[in-house]
Structures are given as C-alpha cells and as structure tokens.
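A.B. asks: Quick one: the structure is below, questions incoming.
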C-alpha cells in the first residue's frame, strides 16, 4: 500500500512542487520511500479547491445523516486495509506492529464515532425574551488546516479530519515531514470513498514552509495543530493577526503519583506502560514519577528490574515492547539529554546508553537524584526516559506536580478514592487517570492546560470546534416594531 511519488491536492493526485522527502525505516536506517513534498503553490491550489468544494451544493446542502455516510464509508475502508496501513506505519515510524494496529483501529473508530455523533448533533432552541423565536445553529468554517505529528499519524489525522468533515468543512492536512506515508495512504482511501473532490488535500512537507503557508493563507479559517509548544506558540501568533480560531495540542511533562496504599503490582505495570510504550514518544507520557517516601525504594527497585526485561527490538516483531525511535537524529537528541541529566547529578538506575549497531534504538532509562526544577525534570525529552522523585507531603507534592509550564496529563495510584479525587482536582492537567494510564476514548474530550495547549478534541463537542455559531431570531409579532 506504499504510495507513489504523488500528493493529494484538491482531490487530484500529482507530483508535489516541493523538495524530495526521504523516509527511512528507523529499525534499519534504510530508505523506504522518496516523495516530492508540497510547496507553497500546492497549498494555494488546495485551499482554492477546498473553497469550491464547500460552496458546491453537492456538499453544502447535504443533510447531516448524508455527510455521516461518507464518514462511515471511510471507516469501513480503513478497517478493510487495516493490516496494510499498520505495516506501512511501522515501516515509516518504527513503532511496534501491535501499536500501529491499535492506531489504525482507533482511526477507523474515530470516523465511525463522528458519523454517529453527527447524526445526533442538535442545535438549540433558546428561551425567548420577547415576541420572537430564538435559535442557535452551527455552520461550517470553510477550509481548515490540520497539522499532525510524526508519533501517531493516522490516529491524529482521523481526530482532525473526521470532525472537520462532519461539520461540513474542507481539510488541508499537513502530515509530519518525517512520516508522511500512512497519511497519504489514508488520503487514497478517502478518495476511494467517493467524498466530493477538493474536500481533502494531503500536503507533506517542511513545517516552516508548507505548515506556515497553510496557517497564513487568508482562505484558511481555522488551524488544528498537534506538536511542539514552540511551533504552537508561533501558530497562535499568526492566528491572533488573522483573528482565526486555533486548536493546539502541545507538549507535556506529565506527573505520575504513587501513594503508599497503592497496589504496587498495578503501579509497576502502569508506570512502565505510561512512559515506555511508544518508546516514550508520546505527549502524555508519564515522564515525572512522584513516589511516596514510604514505598519509594521498593517501587524503584521493581521498576528497574522490570524495565531491564522489556523487549527492545524492531517494530515488525510482535514481541517487541520498545521499538526504535523515529529517526537516528531524534535518538541522538534523547541520548544528549540523558548525558545532560548526568551532568546535573542524576543517578542512572538503568539504560542510559544507546546500543551499538544499526537502528535508532534507545533502552528504557530510569533516573533519580534530581530536583524537580532541574532541566531534566522540566523539559520534554520525548523518549523512553523516566525521572523519579520522592515525596512525603501532599501539599508539597501538588505544588511540585504543578511546577511545570505544561499541564497535559497526570496519573494517580491509590486505593483511597477520596485522596484520588482530591488530588485529581488540584493537579493542573487536562486529563487525569486514576489507577490506570494512557487510556483513551474518542467520546471523551482531550486537551491541555497552560503551555500544553488550547481547545479540546474528541467528544461530540469536537464537531462544534470546527463550526461557527450563529443566532437566528424569528419574529412572531404581527405588529410593527414600536420604535418606528
């Protein structure tokens, strides 16, 4: 299912006008595809095609249940090509085949969920305050830009494309330059679904060129971005100039908190999954571990022992638990940050060195001995690196957990539901997991606080995020307005 050297521009497959994008298998370093990416002219063509498509009665006048049929059809096509999509994503990103299978299933489920949500979405008949009927309705924005990250392309693509189409928009999608293949393959399936041409474009390329052109284009009425905080801040600045709404899902340095009464078997399994699944390349990775002093030594010893047994290997092996990082350059960046942690005084309890040989591998690494205000505890590493810190007092714990520019996620492990509820409400995070971690439901809104982002995705409200709200007053009085 590997795409040809073509990109999707306004419903047409053609060669891109930008430079060649070379993608390599992170497990071997071997180049698997060369694709001419998009250029600024491709962005302009895609936006124009999108504007025509949303204005065409063939799309504009569809009833919600009719638009929903397209989303359901796309879901069926994704399901029908699930194994091919999963293997393509594993080759492109290095992720384990078990994870990419789950991501493909998530993408299909997202299209199916928003098809169902669209069929049941309602406007509002608001209470009248005079001789008129008042209604609140939601209308499409027009053309929206969707910029997705390299760490989970097809699932992130679906979380933006599906609700935007459900709301009646056209979408210009820019996948990450490092991992464009599965997004292009998804574009093929959307084309095969019969969706009217122009409603989806897939434009891989450099963020500072293609992404910037999408954000700045006057015909783009909203941008939804998932990625780094620095880029999100730049997008927000342009949006302010344009008076344009944005959704920003950005970085994280999420705390995981272990109270002394917690079930330690569940803790160890949950903490390992929270940081080392996806090789730590996850915005919600539980990368700061706060453990009560009474159980700190036991928890750390068990984590180190189990981390050393995690299976590191190529993503195509179903037994692999920790796959290679997305590129050798990213692996080297993670390694450099661990070296810096050593300079800050960290103890390396396991891992901490890139192995010899091919592949962008980095072992599960656990550090301690640092203060919460150290760079290692404050900056997002985006790799399989866990920093552990002891605590004794709840107020101090909450203060340190919140002492971060980020506020994306949090995990809490305790048998005491009162403690769980109290701390969950005090921690500044968009998502809190209690006695579990890294579980998701497309029906439940997701997003961050502080520098972790702006706005929410998923849930029925996820469709409304791609709309403009309008109020309509219907006069009921037979008499002229008295003023005139």
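The values are calculated or read from the model by the stated rules, or taken from the named source; none is laboratory data. Being a predicted model, the structure only gives us computed values, none of them experimental. Backbone-built Cβ (ideal geometry, glycine too); neighbour counts: all protein chains shown.
A.B. asks: Take the residues in region 279-302 that are part of a helix (DSSP H, G or I) and buried (at least 24 other Cβ atoms within 10 Å of the Cβ), then tell me which one is farthest from the chain's Cα centre (by Cα).
C.D. replies: Only one residue tops the list, namely 279.
A.B. asks: Follow-up. If residue 112 meets every condition in (1) surrounded by 24 or more Cβ atoms within 10 Å (Cβ to Cβ); (2) assigned to a helix (DSSP H, G or I); (3) touching a helix residue (DSSP H, G or I) at 6+ places or on another chain (Cβ under 6 Å) apart from one, which number is that one?
C.D. replies: Of everything listed in (1) surrounded by 24 or more Cβ atoms within 10 Å (Cβ to Cβ); (2) assigned to a helix (DSSP H, G or I); (3) touching a helix residue (DSSP H, G or I) at 6+ places or on another chain (Cβ under 6 Å), residue 112 misses just condition (1).
A.B. asks: Of the residues 201, 193, only one is modelled with pLDDT of 95 or more, surrounded by fewer than 24 Cβ atoms within 10 Å (Cβ to Cβ) and assigned by TED's automatic domain parsing to the domain that holds residue 124; which?
C.D. replies: None of the others qualify; the one that does is 193.
A.B. asks: Any residue in region 443-457 that is free of Cβ contacts under 8 Å to residues at least 60 places away in the same chain and in a strand (DSSP E or B)?
C.D. replies: Yes - at least one qualifying residue is present in region 443-457.
A.B. asks: Mind counting the residues in region 210-221 that are under 21 Å from the mean Cα position of the chain (by Cα), in a helix (DSSP H, G or I) and surrounded by fewer than 24 Cβ atoms within 10 Å (Cβ to Cβ)?
C.D. replies: Residues in region 210-221 being under 21 Å from the mean Cα position of the chain (by Cα), in a helix (DSSP H, G or I) and surrounded by fewer than 24 Cβ atoms within 10 Å (Cβ to Cβ): 1 in total.
A.B. asks: Let me ask something additional. Here is a list: 33, 44, 68. Which entry is within 19 Å of residue 13 (Cβ to Cβ) and in contact with a helix residue (DSSP H, G or I) (Cβ under 7 Å, 6 or more places away or on another chain)?
C.D. replies: Only one candidate qualifies: 33.
A.B. asks: Within region 386-424, track down each residue that is assigned to a helix (DSSP H, G or I) and either touching a residue at least 60 places away in the same chain (Cβ under 8 Å) or under 25 Å from the mean Cα position of the chain (by Cα) (or both).
C.D. replies: Residues satisfying the conditions are 397, 400, 401, 402, 419, 423, 424.
A.B. asks: Looking at the structure I just gave you, is residue 447 touching a strand residue (DSSP E or B) at 6+ places or on another chain (Cβ under 8 Å), under 30 Å from residue 60 (Cβ atoms) and not assigned by TED's automatic domain parsing to the domain that holds residue 54?
C.D. replies: Taking the combined requirement at face value, the residue satisfies it.
A.B. asks: What residue, of 205, 232, is at positive phi and under 21 Å from the mean Cα position of the chain (by Cα)?
C.D. replies: Unique residue meeting the criteria: 205.
A.B. asks: Moving on to the next point. Restricting region 338-362 to residues that are crowded, with 19+ Cβ neighbours inside 10 Å and under 30 Å from the mean Cα position of the chain (by Cα), which is farthest from residue 91 (Cα to Cα)?
C.D. replies: 341
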